[in-house]
Structures are given as structure tokens and as C-alpha cells.
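Here it is, the structure in full.
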Amino acid sequence: MRHLFATAGLAAALALSAGAANASGNFNFSTDSCNHDYATPYDVDVTPAGLSFHRTDGTPAKIFLHDGALKVDGRDVAVSAGDAQALRRYEDTVRKLIPEVAAVSRAGVSMGFDAMTTVTMTFADADQREAILAKLKRKQAQALKEIDEGVGSGHWSSDRMTETVAGSVSDSVGELVGSVTSSAVSAALSGDSTKVEALTARANALDKSLNREMDKRSKDLEARANGICPRLNDLADLQMGWKIRLPDGKPLELMTIKPKEKDGKNVASF
């Protein structure tokens, strides 16, 4: 019985880690190859007309840049030729970064739902299985659609990504674990040792296969997430190098840059 519950927990952990959402409300990629710990307080719109960084709390509320020109809260800000070039490179890097973030997000969501589908096929009662699989399929399709309409279309919002990924995955995990534990408890309470042994055998087989498959996919996903770091490092270098100042004299900061954690692992939060 303990092994059955552990397997359900494993599926939940795999799904949530694939989604890569944490309790703070930021959407994160766990990375090893970033030089610093990066975050941004802004939502970002990437359009042919330029990049718009905007927020409802804090100042400045809106920053717009395109082809080396900069506007802060609707007003033009003069920049040097060198800083204009840095802004052009910044814009180009963000344009290349956003599709990569979208691809990793899609892969993470798919990995989580695939893990839950595998557990459903193994444990769900026959009279529940079809309904659970259909619901998982609908939720996965909706999550992928929201990613495509959001970051996949050049519109980044940390809150929206957290709701899309954490919401869809965690809700499904809760329902799935409830179904798995219900089957296990029913088998135990029935006193039917054959039924319990059959469930345990399935748990043992699933434990091995799920660990093996998801370990490989986790490593692939981590490698793709780490591939984002060079672009984040470039953005940080550009920001630390320019001399641009806001009207109040403060430096222009589109992202926050903090030292990495002591264990060498850090989280890039967007």
C-alpha cells in the first residue's frame, strides 16, 4: 500500500516539476549555466513595432524600445550611440529568447500530462479511466493553447504563465492522486489479497518505467532550459554595460540581476 501511494506521489512530483512553477507566483526555469539569478518585474509584449515592458505596480510603468530608441512612460529618452546599439542588441536577443521560452514551456506541460496519462492507464478503474483521460487531454490542449496565445505569440506574463502551467497541472494531479488512492484503499478494505498484489505489481512496474522515461525527459528538458541561459547572460551583460538613465536619474533596469545561490544552482524567474 505504501508503494502505491508513493507512486502516486511520484507522478505528482514529476508533473509539477515539469511545469516548473513555484509557490511565489513566478514561472521559473531551474538552470545551472546562468551567470546570475535573473528576474523581471515587467510583462513583455514583443511586436514588430518594438518591445513593450509594462506593469501595474511600480515606476516606471511602461518602457518601450525599438531600433535603439527608448521611451519611458510615453516620453522619449535620449541615449548615446553606444547605448542605442546596446538597446538594438537587447531587442534582438529578447526576440530570439521568447520562442525558446515558449518551446520549453510546451515541453514541460506535455511531460507533466504524459506522466499523468501513464499513471491513469495503469491505476484508474475501468469505469473512471476514459473520463479521466478525456479530461487530461482537454486540460493539456487548453494549457498548450494558452501558451501559444501568450508567450508563443510574443506576450509574456509571469502571472499568466503560472496560472496556465501550475493551475492546469496541479488541478489534474489532485484529481489523479484521488483516483489512484481510491483504488488502493478499496483494494485494501476489500480484503482481497489478489487484488492488492495485482495493484502492487503494477506499481512496481510503473515505478521503474516512469522513473526511467521521465528521468530521460527531465534531463532533456533541463538541457533545453539551460540553453536559454546564454541569452539571459547576454541580456544581463548589456544592461550592466549601458549608461542609460531614467528621468529620475536611476539606471534603466529591465531585469534584476542577483548573485547565484551558494549551491551553484539558480532559478531564472520571468
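Values in this text are rule-based calculations from the coordinates and carry no lab data. Quick caveat, the model's predicted, so the values are computed rather than measured.
Quick one: what are the phi-derived ³J(HN,Hα) couplings along segment 35-45, Karplus 6.51/-1.76/1.60 with θ = phi - 60°, whole Hz, x for glycine and proline?
6, 9, 9, 10, 7, 9, x, 9, 7, 10, 10
Output the pairs from LYS135/LYS219; LYS62/LYS96; LYS71/LYS260 with a Cα-Cα distance over 24 Å in this structure; if there are none, say none.
Exceeds cut-off: LYS135/LYS219; LYS71/LYS260.
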